[in-house]
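Engineer: Please read through the structure below; I'll follow up with questions.
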Amino acid sequence: MTGQGFVATYFDGVTAARRQVVVNRAGPTLHINDPDTGRIVDRWAVDRLVEHREERQTGVLVFGPRDADARLQVTGDGIIRDMRGLLPDLAGEGLPWPMIRKVGLFSVAALGSVVVLLFVIMPALAGQLARIIPPEREVAFGESVQRQIERIFGAETTGELLCTGPEGQVALAEMTDRVMGDTAIAYPLTVSVFDDGLVNAFALPGGHVVIFRGLIEAAEDPDEVAAVLAHEIGHVVARDPTRIALQTAGSAGLLGLVLGDFAGGTIALALANQFISASYSQEAETAADTFAHGQLLAAGLPPEALARMFERLREEYGDVDGIAANFISHPRLADRIDAARTADTPRGGPPSLDADGWAALRAICGD
């Protein structure tokens, strides 16, 4: 203490410079003076002062006006005690508003950077990487994701959910060959049926397509299943699953770093949920629909079967209209139904499966 004041270190809040000062109180005002010249460096209203932090182990206390970045640092338990005697009403109220504003701006900038990474850089990078991954690695990756999805649906061992009825397998292979036609992909196409009532189907990296028993049961004829299969094959041909997996893994990894999930649980869960929901971009979904229309026409099957399945899904789950349709991953079902119905009429041919084959496929998971 010096008279009615104390010694402190002064920071003006503008520069990084620090200077030793003598602080005195004159009624409602705190005067900060140069110790050599006695000149007043700054004046603070006492009722505007707040404590920013106190480090009891090192004996440091920092305080200043609530509406400015300038601050005083007091060092030493004795001086801190005397300072509190001079300013008995000093209380901690956090950071001053200018500093809060700066922190807020930095936070917004950081959030903006994360958003750009998630929605601009990651998708572009994933699209490039999907083109150069060796096919054998893509196949192995898809098998790993499929095992993870099986566990999510309650399987305790790999392959537990797979439906393996031999006659149903023959019927599924017949349908797959009919839909594939002469289409070539970089790896064998593997189509599996999961024994679960979910009305869904999805494609995985490496040529894996999964159809749920619930979708087969919901279909009124084999051509509706074939139409959905053609759509998923469209994703395989475009390597959409690999691109989405890379994007999701990168995004989940980034979020894991931000949120503290270093063990990778976020990535595994995000990948599994991504494929279960089969959530691709509107462009990818539209392209897969167009591919399916072409495959079905070439096979002598009606694209209208895809419209019928979409109509059933719309009845079950509804659709999205208005401006919200621009913000969901799937195009509106109404638009997809119209596109399937306006596709060319096929040259004509037998259904994708005869009555016996359709019965076998519906029984592929057993009675």
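Engineer: Hey, among the residues in the stretch 1-28 that are exposed (fewer than 12 other Cβ atoms within 10 Å of the Cβ) and part of a strand (DSSP E or B), which one's nearest to the chain's Cα centre (by Cα)?
Structural biologist: ARG18
Engineer: Continuing with this model, one more query. Residues being at pLDDT 80 or above and under 21 Å from the mean Cα position of the chain (by Cα): count how many of those fall in the stretch 114-146.
Structural biologist: Adding up the residues that qualify gives 5.
Engineer: Collect the residues in the stretch 67-88 that are closer than 18 Å to GLN20 by Cα and over 47 Å from the mean Cα position of the chain (by Cα), keeping them in residue-number order.
Structural biologist: Of everything in the stretch 67-88, those that are closer than 18 Å to GLN20 by Cα and over 47 Å from the mean Cα position of the chain (by Cα) turn out to be THR75, GLY76, ASP77, GLY78, ILE79, ILE80, ASP82, MET83.
Engineer: Looking only at residues that are at pLDDT below 90 and either over 30 Å from GLU160 (Cβ atoms) or small (Gly, Ala, Ser) (or both) in the stretch 343-367, which one is surrounded by the most Cβ atoms within 10 Å (Cβ to Cβ)?
Structural biologist: ALA343
Engineer: So, GLY142, is that one in a helix (DSSP H, G or I), in contact with a Pro (Cβ under 9 Å, 6 or more places away or on another chain) and touching a residue at least 60 places away in the same chain (Cβ under 8 Å) or not?
Structural biologist: yes
Engineer: Can you find, within the stretch 305-318, the residue that is nearest to LEU215 (Cα to Cα) among those that are at pLDDT below 80 and surrounded by 15 or more Cβ atoms within 10 Å (Cβ to Cβ)?
Structural biologist: By that ranking, first place goes to LEU313.
Engineer: Does ARG101 fit the bill of being charged (D, E, K, R), more than 15 Å from GLY5 (Cα to Cα), surrounded by 13 or more Cβ atoms within 10 Å (Cβ to Cβ) and modelled with pLDDT under 90?
Structural biologist: Considered against the rule, which asks whether it is charged (D, E, K, R), more than 15 Å from GLY5 (Cα to Cα), surrounded by 13 or more Cβ atoms within 10 Å (Cβ to Cβ) and modelled with pLDDT under 90, ARG101 comes out as no.
Engineer: Let me ask you something else. Pairs, please: C-beta under 9 Å, at least 6 apart or cross-chain, first residue closer than 17 Å to ALA230 by Cα and in contact (Cβ under 8 Å) with a residue 24 or more places away in the chain and in the stretch 331-350, second of a type in the set (S, T, N, Q) and part of a helix (DSSP H, G or I)?
Structural biologist: These pairs meet every condition: ARG336/THR286; ALA339/THR286; ALA339/THR290; ALA343/THR290.
Engineer: Check the stretch 155-164 and report whether any residue there is surrounded by fewer than 16 Cβ atoms within 10 Å (Cβ to Cβ), assigned to a helix (DSSP H, G or I) and not hydroxyl-bearing (Ser, Thr, Tyr).
Structural biologist: No, the conditions are met nowhere in the stretch 155-164.
Engineer: Considering only residues of the stretch 37-61 that are more than 18 Å from ARG25 (Cβ to Cβ), free of Cβ contacts under 8 Å to residues at least 40 places away in the same chain and not hydroxyl-bearing (Ser, Thr, Tyr), which is surrounded by the fewest Cβ atoms within 10 Å (Cβ to Cβ)?
Structural biologist: Filtering first and then ranking leaves GLN57.
Engineer: Does the stretch 319-331 include one or more residues that are at positive phi, charged (D, E, K, R), modelled with pLDDT under 90 and part of a loop (DSSP other than H, G, I, E, B)?
Structural biologist: Within the stretch 319-331, not a single residue is at positive phi, charged (D, E, K, R), modelled with pLDDT under 90 and part of a loop (DSSP other than H, G, I, E, B).
Engineer: Within the stretch 189-235, take every residue that is over 17 Å from VAL145 (Cβ atoms) and part of a loop (DSSP other than H, G, I, E, B) and give me the one that is modelled with the lowest pLDDT.
Structural biologist: VAL199
The values are calculated or read from the model by the stated rules, or taken from the named source; none is laboratory data. Note that the coordinates shown come from a computational prediction; the quantities given were computed from them, not determined experimentally. Note: ideal-geometry Cβ built from the backbone for every residue, glycine included; neighbour counts use all protein chains shown.
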